[in-house]
Amino acid sequence: MMRSKSREDSQSKAWKTVPRWAVVVFLLAVFCIFASFGFVFDGMDMERQSALGLAFSVVIIALFAISYAVSGITLRQRFWIAAVPLLILENICMALLYYWLPKAPPLTHLDSAQLSGFHNRLVFDGLAAVISVVLGYTGLVVVSIAESRRRLRLELDKAAMDTELAAAREIQRLMVPEKLPPTPGYAIESIYRPAAQVGGDFFQVMPLGGAQTLVVVGDVSGKGLSAAMIVSMLIGMLHAISRVSQDPAQILAELNCRLFEHKHGGFVTCLAVRLDPSGRVVLANAGHLPPWLNGAEVAFAGSLPLSLLASSAPEQVTLEMQPGDRLTLITDGVVEARDTQGALFGFDRTQALLRQETSPLALAEAAIQHGQDDDLTVISILRAA
């Protein structure tokens, strides 16, 4: 039952995408084809209708045929809801027509003038029926060819989009580390859950000199293959910059300069964290969501995302993590998860779960069950004892 209803809904939606001109031509074709019935019936009735009665009967038959077609398109399997009243109304209209314009009595003898008129009427009905059928089927063929071409274009566009999304997902999969490197003095867990449509979440955990570790999480504006390509370019830049500088603020500033030169038309939020084995943690933020330390949000002054201005100075904060402290980094896909009523998962739910020392997996699953709209990433950094 559900499958039948979904198929019916999809067919109804498909009709809504048909160009308006095609619908008009289709209905005119139906009008012409069924108008031919009126001319055929007139010939079968031995031309007993008046010319005005013939015209009215043709129009009534054709208009009700259009009504049946429209009810079938809009109501699908429930077309009978409209078809039965329409059939009753059509019979009433034809009965009223014959009452107002009664037919002539059957002819028993024809003189030469009547025979000539009868012949001319038969020729007229025959030609009118043929022309109506030709026009009707021509309209149906035109609409059929146009719809076939349109559906082919839609299928080709969908195939191209599917190919693009598959390429974007593969690029994004390669850009998200499957196995995290060892981090002296810390235990790092990460959860990445992509949405149905490829977004721009990314994160990296990179060893630095002196047993330090750089953790970077961010979000590229936009979706699809373009966002995935920006992510791949950004990660390449990030690895190159980290070989020269180990200061999170300088890394983000240099990353901003390089991204701005490319002018990709979007922006990137980014949070960089350097972990020292001693427990000293240096954080720099460029428009990203602040991290959470033991369930409390780390205060950051406002800072612009990357790639908006040529020069940018991301704010930097230093923390001292004690054994057992947990630092959590998230992307906006967590707090912006939205249920069917439009309610956000929000910061309050996020903070409540983090204060309960919820694992990254549990936090991600809670947001997904609420209603995932975007890629979401959760990274937990636990200071080892």
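The values are calculated or read from the model by the stated rules, or taken from the named source; none is laboratory data. Keep in mind that this is a model prediction, so the values were computed, not measured. All Cβ positions, glycine included, derive from the backbone under ideal geometry; neighbour counts span all protein chains shown. We work out accessible area using only protein heavy atoms, side chains counted, and drop any ligands, DNA or RNA first. Shrake-Rupley method; radii C 1.70, N 1.55, O 1.52, S 1.80 Å.
For the pair Ile66 and Lys179 in one chain, pulling the backbone fully straight at 0.36 nm per residue adds 34.3 nm over the alpha carbon distance. For Ala195, the residues whose amide H sits under 5 Å from its own are Asp375, Leu376, ignoring neighbours fewer than 5 places away on the same chain, with H placed 1.01 Å from N.
Choose one answer from Ala82, Ala113, Ala160: the residue with the largest mean-square fluctuation in a GNM of the chain with alpha-carbon springs under 10 Å. Among Ala82, Ala113, Ala160, the largest mean-square fluctuation in the Gaussian network model of the chain belongs to Ala113.
Modelled spin labels at Ala159 and Val244, positioned 7 Å past Cα toward Cβ, are 4.6 nm from each other.
Under a Gaussian network description of the chain, with springs only between Cα atoms under 10 Å, the residue in Val334, Val84, Val220 that fluctuates furthest is Val84. Near Glu155, within a Cβ-to-Cβ distance under 14 Å, what is the net charge of the other residues, with Lys and Arg +1 and Asp and Glu -1? Net of charged neighbours comes to +2. Rolling a 1.4 Å probe across the protein heavy atoms gives the chain an accessible surface of 54 Å² per residue.
Each residue of the range 309-325 was assigned a 3J(HN,Hα) from its phi angle through the Karplus expression (A = 6.51, B = -1.76, C = 1.60, θ = phi - 60°), giving 10, 5, 10, 8, 10, x, 6, 10, 10, 10, 10, 10, 8, 8, x, x, 5 Hz with x at Gly and Pro.
Less than 5 angstrom separates the built amide H of Gln316 from none of the residues sequence-distant by 5 or more or on a different chain. Between Val23 and Ser232, the distance separating the two model label sites (each 7 Å from Cα on the Cα→Cβ line) works out to 4.3 nm.
The mean sequence separation of alpha-carbon pairs under 8 Å and at least six residues apart, normalised by the residue count of the chain, gives a relative contact order of 14 percent. 3J(HN,Hα) along the range 31-41, derived from phi through the Karplus expression 6.51 cos²θ - 1.76 cosθ + 1.60 where θ = phi - 60°, amounts to 4, 5, 4, 7, 5, 4, 4, x, 5, 5, 4 Hz, with x in place of Gly and Pro.
Listed values for the range 328-335 are Karplus-derived 3J(HN,Hα) couplings in whole Hz (6.51 cos²θ - 1.76 cosθ + 1.60, θ = phi - 60°), namely 10, 10, 9, 9, 5, x, 6, 6, and x replaces Gly and Pro. Protein-only accessible surface at a 1.4 angstrom probe places the residues Met94, Met321 in the order Met94, Met321, largest first.
A simple spin-label model places the labels of Gln351 and Glu189 2.3 nm from each other, with each point 7 Å out along Cα-to-Cβ. Nonpolar atom fraction for the range 286-352, defined as the carbon and sulfur part of the 1.4 Å probe accessible area, stands at 53 percent.
For His288, the residues whose modelled amide H falls within less than 5 Å of its own, excluding neighbours fewer than 5 places apart on the same chain, are Cys270. How far is helix 2-16 tilted off the main Cα axis of the chain, in degrees rounded to 10, range 0 to 90? The angle comes out at about 70 degrees.
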